[in-house]
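Let me begin by presenting the structure, written as structure tokens, before commenting on it.
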Amino acid sequence: MEQRERLEWLQINSLDLEARGVGRSENGKVIFVANALPGERVQAKISRSKRNWESGTAVAWANLASSRVTPKCPHFGVCGGCSMQHVDPAAQLAFKQRILEDDFWHLSRLKPQTLLRPIAGPSWGYRTRARLTVRLVVKKGGVLVGFHEKGSSYVADMRSCAILPQRVSDLVLPLRDLIASLSRPERAPQIELAMGDSVTALVLRHLEPLTDADRQLLRDFGVAHQVQWWLQPKGPDTVTLLGGDAEPLRYALPEFGITMPFRPTDFTQVNPQINRVMVARALRLLKAQATDRVIDWFCGLGNFTLPIATQARKVLGVEGSATLVARALDNALQNGLQDKVAFSARNLFEMNAADLRAYGEADLWLVDPPRDGALALCKALVQALGGKLAPSAEHLEAESLPLETNAPWVPFTPPRRIVYVSCNPATLARDAGLLVHHGGYTLRAAGVMNMFPHTAHVESMAVFERD
Ligand SMILES: C[S@@+](CC[C@H](N)C(=O)[O-])C[C@H]1O[C@@H](n2cnc3c(N)ncnc32)[C@H](O)[C@@H]1O
């Protein structure tokens, strides 16, 4: 049903995760306003009205917030890649910290004992991984290469990108021409970017076999612009390098004397500068001793596992992707740390207390899950401790463990400290509630890192300890 638009003046009090200003109408209804910032009084054009909330766009301002800046990128507002370029980077970080604190409080009634100093890095040119959509759009005069437009499946007509490194941003227009010159440009839907410290790789997804002429065009482009081409005709397992040998992708963690080789489709953190600082901070907080056994849950290719192995007695890395586990093992060998580590592939979204016991007790845990968090793992820990998650099926499951075998309850020594790295403050706050309210842990410290400047994504870290 079509809704009538109306204009309303509002005071904006906060920002939501999509970087929309949040205010209230005179009757108390929440209104989300695009392009409005906390502290501003704006006239909003309300275009959507639901029972509990409304949304619209700011069209006039009585005052501007001091945090408001001019967006650097000409595509801001249309391109869906960034939502916060109109906010000063320091204010973005403060806003993200507030989201973390609010989630801890609203979802689990928790306050960290200490707030860690936010970690900031370069605001521009930081993003060394990206998935660019490619589309032949005759109406726009050719091929587009870029991110999706905000809230749409159209591809933004972008000519540069300020969050990509300059040399990659400079490739956006040449890539449009290159794809347009291929035999079937409409059958090449995606280019994935993966950069190491000295190599730039592009993975071309193509739905039809490439001709010899196509391959030559790609090779010539690669030489001219110093990029490696990888081809992906089907799923991720089919990715191969175009041409013969080439220098492998790798990134260094110099503080630990470690180099991590990887393939372009492997998971790596998108912002290498922040990653270095993040790994160093995680290790400082973990405080591993030479006698400690550590488990690194969701270890990926060993980004935390190998640095921890330089300090601890032994580290076990557990991860869902068998490919990444194989890479982690290989990386341990290449860094001479194979005697200090072990790896295991398993689905960590399906864990119970018995599974946890099978991995053995550890002095310390590092947990770095995807956005969904580590609920099963945290529940398994609570259950192994004999904790009750009542009133729920998990409670019965936990209690039935010793009863099933008639075996006496075996005590489980929990890790004395857990460092939890998260890309979703809501799932971190939920899991923190379990660890603190059911697992006997204290939330010692937490803080945010600006891994993804100008986007609404929040990377954070929390430390839990048992006394
Ligand atoms: C945020 S990444 C962290 C990886 C690594 N710690 C790093 O810093 O590069 C999350 C990892 O969880 C893994 N993962 C996703 N779902 C999983 C699951 N259900 N069970 C185990 N691992 C999973 C992904 O493959 C990915 O490596």
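The values are calculated or read from the model by the stated rules, or taken from the named source; none is laboratory data. As the structure is a prediction and not an experimental result, all values here were calculated from the model. Virtual Cβ from ideal backbone geometry, glycine too; neighbours counted across all protein chains shown.
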Exercise. Among the numbered conditions (1) modelled with pLDDT of 50 or more; (2) in a loop (DSSP other than H, G, I, E, B), tell me where Pro391 comes up short.
Key: (1)
Quiz item: Has the range 65-85 got at least one residue that is touching a Gly at 6+ places or on another chain (Cβ under 7 Å) and more than 30 Å from Tyr126 (Cβ to Cβ)?
Solution: no
Quiz item: Would the range 296-306 turn up any residue that is more than 9 Å from the ligand (Cβ to nearest atom), within 26 Å of the chain's Cα centre (by Cα) and of a type in the set (S, T, N, Q)?
Solution: no
Quiz item: Under the condition of being charged (D, E, K, R) and within 14 Å of the ligand (Cβ to nearest atom), which residue from the range 307-335 is surrounded by the fewest Cβ atoms within 10 Å (Cβ to Cβ)?
Solution: Arg327
Exercise. Mind listing just one residue for me: the one in the range 212-267 that is among the small types (Gly, Ala, Ser) and within 16 Å of the ligand (Cβ to nearest atom) and, of those, modelled with the lowest pLDDT?
Key: Gly235
Practice problem: Sort out which residues of the range 146-205 are hydroxyl-bearing (Ser, Thr, Tyr) and assigned to a helix (DSSP H, G or I), and write them in order of number. | Solution: Ser169, Ser181
Self-check item: Selection within the range 336-354 - closer than 22 Å to Phe262 by Cα, polar (S, T, N, Q), assigned to a loop (DSSP other than H, G, I, E, B) and within 15 Å of the ligand (Cβ to nearest atom)
Solution: Asn347
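Conditions tested, residue by residue: (1) among the hydrophobic types (A, V, I, L, M, F, W, C); (2) buried (at least 19 other Cβ atoms within 10 Å of the Cβ).
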residue: Arg187; (1), (2): no, no
residue: Met195; (1), (2): yes, yes
residue: Leu202; (1), (2): yes, yes
residue: Leu207; (1), (2): yes, no
residue: Asp212; (1), (2): no, no
residue: His225; (1), (2): no, no
Quiz item: Within the range 166-184, can you find the residues that are surrounded by 18 or more Cβ atoms within 10 Å (Cβ to Cβ) and either over 18 Å from Val137 (Cα atoms) or out of contact with any Lys or Arg (no Cβ under 9 Å at 6 or more places or on another chain) (or both)?
Solution: Val168, Ser169, Leu171, Leu175, Leu178, Ile179, Leu182
Quiz prompt | Qualifying residue in the range 74-81 (condition: in contact with a Ser or Thr (Cβ under 9 Å, 6 or more places away or on another chain) and either hydroxyl-bearing (Ser, Thr, Tyr) or buried (at least 20 other Cβ atoms within 10 Å of the Cβ) (or both)) | solution = yes
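To keep it simple, each residue is scored yes or no on (1) assigned to a loop (DSSP other than H, G, I, E, B); (2) over 26 Å from Arg219 (Cα atoms).
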| residue | (1), (2) |
| --- | --- |
| Glu247 | yes, no |
| Arg250 | no, no |
| Thr265 | yes, no |
| Gln269 | yes, yes |
| Met278 | no, yes |
| Gly300 | yes, yes |
| Gln311 | yes, yes |
